[in-house]
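J.: Please see the structure below; I have some questions.
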Amino acid sequence: MGLLTWLLVAQGVTTAAIQGRLTQTDGTAIASATVHVVNLSNGRRWEVVTHSAGGYVIEDAAVGGPYRIEARALGFAPEARAGIVLALGQRLVADFELRPAAIELAPHEVTAPGDPILNAGRTGPGEIISRARIAELPNHGRDFLALTTLSPHTAISVSSGAAPTGGITIAGQNRLYNSFQIDGGMNHDVYRGRLPGRETLPRPISLEALEEIQILPAPFD
């Protein structure tokens, strides 16, 4: 029993605490306000945010000081108290009543580079497949039509089954309505609708020569 008594005495209080409540002039609590506490003797800092009832608590503050307490809230003038010295085991109550004030916020400038893919000359949904994606994706048949299925609007044409050399349907339309273009020029049989490089000329270019593939389901002005 004597040993237990000695242990309880050794576990004494060695710090102090600061608590309080932030309110408006009419007594309404100010939630999400910030309370800064600084020990001016050593520079140690605390920062807490008030809860829904406007209260805050800072535990384990070192004895002594002097301390400076500052309360801030958006839309209110800040309030501060300085020269506070904490005693051993003390729970200092520091309430603040903040007055409404118009506060000018510092401007925040946001800049971003222009995206050449996004332009006013193209409307409607679209999928851009970059050269990097073409190079990193497996393509056993080296088929550029398989790459177009990366677009959620594109699927292998039902009319030719699941064969990779079959056509593709875009937005559920018949494959005969597809328009294949290279640098804006037609690259398919405009009379019979045959696929380039399989059923008719002209031959498609190599995958290594592609800079990007654009799938445009509705390229209307």
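J.: Compute the FRET efficiency between Ala101 and Ile128 as 1/(1 + (r/R0)^6), taking r as their Cβ-Cβ distance and R0 = 45 Å, and round to the nearest 0.05.
T.: 0.35
J.: Still on this structure, please answer the following. Can you tell me how much longer the chain between Asp60 and Thr111 gets when fully stretched, taken as 0.36 nm per residue apart minus their C-alpha distance, in nm with one decimal?
T.: So the chain would gain 14.0 nm between Asp60 and Thr111.
J.: Still on this structure, I have one more. With the crude spin-label approximation of a point 7 Å out along Cα→Cβ, what separation in nm comes out for Leu150 versus Ala77?
T.: With each label point 7 Å from Cα toward Cβ, the separation is 6.0 nm.
J.: Mind giving me the nanometre distance, one decimal, between the label points for Arg68 and Ser206, set 7 Å out from Cα along Cα→Cβ?
T.: Here the answer is 7.0 nm between the modelled labels.
J.: Which length gain, in nm to one decimal place, applies between His51 and His36 when the Cα-Cα distance is subtracted from 0.36 nm times their residue separation?
T.: Going from the current span to full extension adds 3.9 nm.
J.: Order 90-99, 61-70 from most to least packed using the mean count of other Cβ atoms within 10 Å.
T.: Order by mean packing, descending: 61-70, 90-99.
J.: If you roll a 1.4 Å probe over segment 56-107 with all protein chains in place, what percent of the accessible area is carbon or sulfur?
T.: 55
The values are calculated or read from the model by the stated rules, or taken from the named source; none is laboratory data. Just so it is clear, the model here is predicted, and its values are computed rather than measured. Quick reminder, even Gly has a Cβ in these numbers, built from the backbone with ideal geometry, and neighbours come from all protein chains shown. Side chains are part of the model used for accessible areas, which takes the heavy atoms of the whole protein and leaves out ligands, DNA and RNA. Shrake-Rupley method; radii C 1.70, N 1.55, O 1.52, S 1.80 Å.
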